[in-house]
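Every read-out reported here was derived from the displayed coordinates using simple, explicitly stated rules and does not represent laboratory data. These figures come from a predicted structure and were not determined experimentally. All Cβ positions, glycine included, derive from the backbone under ideal geometry; neighbour counts span all protein chains shown.
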Amino acid sequence: MTSPLIRFALAASLALTGASALVSTASAQTQLSDTQILKGLQGLTDTAPAITADQMRKMVQQHMTQYPGEALTRPSLALNLDKLPQINVQIQFRLNSAIIEPSSYGTLGAIADALHNPILHGYKFIVTGNTDVTGTREINLKLSQQRADAVVNALVTVFNVSPNRLEPVGLGEEVLLDPKNPTSGINRRVQIFTIGRVGPTPQPIR
């Protein structure tokens, strides 16, 4: 049974793109179910490495400075975050754009369903955008940030996920999933990490 969140997103995407979107949204397959996403993002332990979005951005910049060579001659950035709960999902965007294709709103709805689950409700996440090596590193980094921003914006505005639980980070082509095939589409993905609990909301000064 399709969740209300996914039904709402599909309706929103149809309103934006017209009746032609009906075929693509109806035939789209959510790569991971909300149950699989929930399982992947839960279980953060005290021994998991601590990471912030700013630290991740600095690691990317340092990697680009340290390894200025061609993609085939440099290592991928090792974030060493395997102990963090995480998922990889394929979100489809328009070519060279941060506009999310209507066919991916089902996937976003499944992510939102998981994030709204009480098990994950008190947690915060980093949403990363990743590209392959097609194009320049600088353009890929900018595009990946825009796409991570777009995913977070959709989760917040369409699916009502609190913005203080999500932070977007563009990783460009620095963290390839398949370094031996740097132009492969498998490298173009969105990754979500569970990084900790949401802190208390600051009280207004009176």
Could you calculate the contour length gain from L95 to N80, that is, 0.36 nm times the residue separation minus the distance between their Cα atoms, to one decimal place in nm?
-> 2.4 nm
Projected label distance in nm at L177 and D149, using a 7 Å step from Cα toward the beta-carbon = 2.4 nm
Separation in nanometres of the label points that stand 7 Å from Cα toward Cβ, at T157 and E70 = 4.1 nm
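When the Kirkwood hydrodynamic radius is evaluated over all pairs of different C-alpha atoms of region 4-197, what value in angstrom, to one decimal, is obtained?
Values: mean 1/r = 0.0585 Å⁻¹.
Over region 4-197, the inverse of the mean reciprocal pair distance is 17.1 Å.
Tally Lys and Arg at +1 and Asp and Glu at -1 over the other residues with C-beta under 15 Å from the C-beta of P182: what net charge comes out?
Values: positive: R74, R137, K180, R188, R189; negative: E70, D132, E173, E174, D178.
Summing Lys/Arg as +1 and Asp/Glu as -1 gives 0.
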